[in-house]
Amino acid sequence: MVLFEAEILKFSNKGEKTGWSYIEIPAKLAAQIKPDYRRSFRVKGCLDDVEVAGLALTPMGDGDFILALKATLRKQLKKAEGDYLRIQLEEDTTFKIDLPDDLEICLCEEELWLERFMSLAKSHRNYFINWINEAKTEPTRTKRIALTVEAMEKQLDFGAMIRMDKARRNS
């Protein structure tokens, strides 16, 4: 487990990451958590006194990683941009997300859709699944499942699907 302090930062203009609050994980620390690994992976531990699990460390290209902090987690921490956190992290090898039944039923309507979904890296499947599971209402969940199915039909990854949906809403 690595122990360190980090300042909460916020992307001002960074493509799909614009507006994200995050902390930086230098390459040296990331290598202590998961040696010789340059792709996204899950971690668990404590941020201040709040226990966390299943959070994704995202690579930023030069060996450093970021840990995005959703608004609900920042509220729980009572922290904002510019505040510092005491951090204890280790790799979360127990993190697993199951395919929701309603998504599986929809993807099975065309054999190719389910194959495409399952051919995505586990972390990419988890982006879709978490996004669907975080829907607060049934209409939102239904819309997200429909967008996921459309993404598989068009062979889009999660980011491309989000950009497609945003472009539709802005036109």
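The values are calculated or read from the model by the stated rules, or taken from the named source; none is laboratory data. These numbers were taken from a predicted model, which means no experiment stands behind them. Methodologically, a virtual Cβ is constructed for each residue, glycine included, from the backbone with ideal geometry; neighbour enumeration extends over all protein chains shown.
Worth pointing out:
- The residues of region 83-142 that are at pLDDT below 85 and in a helix (DSSP H, G or I), listed by number, are E111, K122, S123.
- The residue that is nearest to A56 (Cα to Cα), among those in region 129-160 that are in contact with an Asp or Glu (Cβ under 9 Å, 6 or more places away or on another chain) and touching a residue at least 24 places away in the same chain (Cβ under 8 Å), is I129.
- Hits in region 142-164 - residues which are farther than 15 Å from M118 by Cβ and crowded, with 16+ Cβ neighbours inside 10 Å: R144, I145, L147, L156, M161, I162
- Selection from region 56-82 of residues that are part of a loop (DSSP other than H, G, I, E, B), surrounded by fewer than 18 Cβ atoms within 10 Å (Cβ to Cβ) and within 15 Å of the chain's Cα centre (by Cα): M60, K70
- Residue in region 37-44 that is surrounded by fewer than 15 Cβ atoms within 10 Å (Cβ to Cβ), modelled with pLDDT of 90 or more and under 22 Å from T93 (Cβ atoms) present: no
- Matching residues, region 58-82, being more than 23 Å from K28 (Cα to Cα) and at pLDDT 90 or above: L73, R74, K75, Q76, L77, K78, K79, A80, E81
- Considering only residues in region 118-140 that are among the hydrophobic types (A, V, I, L, M, F, W, C) and surrounded by 12 or more Cβ atoms within 10 Å (Cβ to Cβ), the one that is nearest to K70 (Cα to Cα) turns out to be W131.
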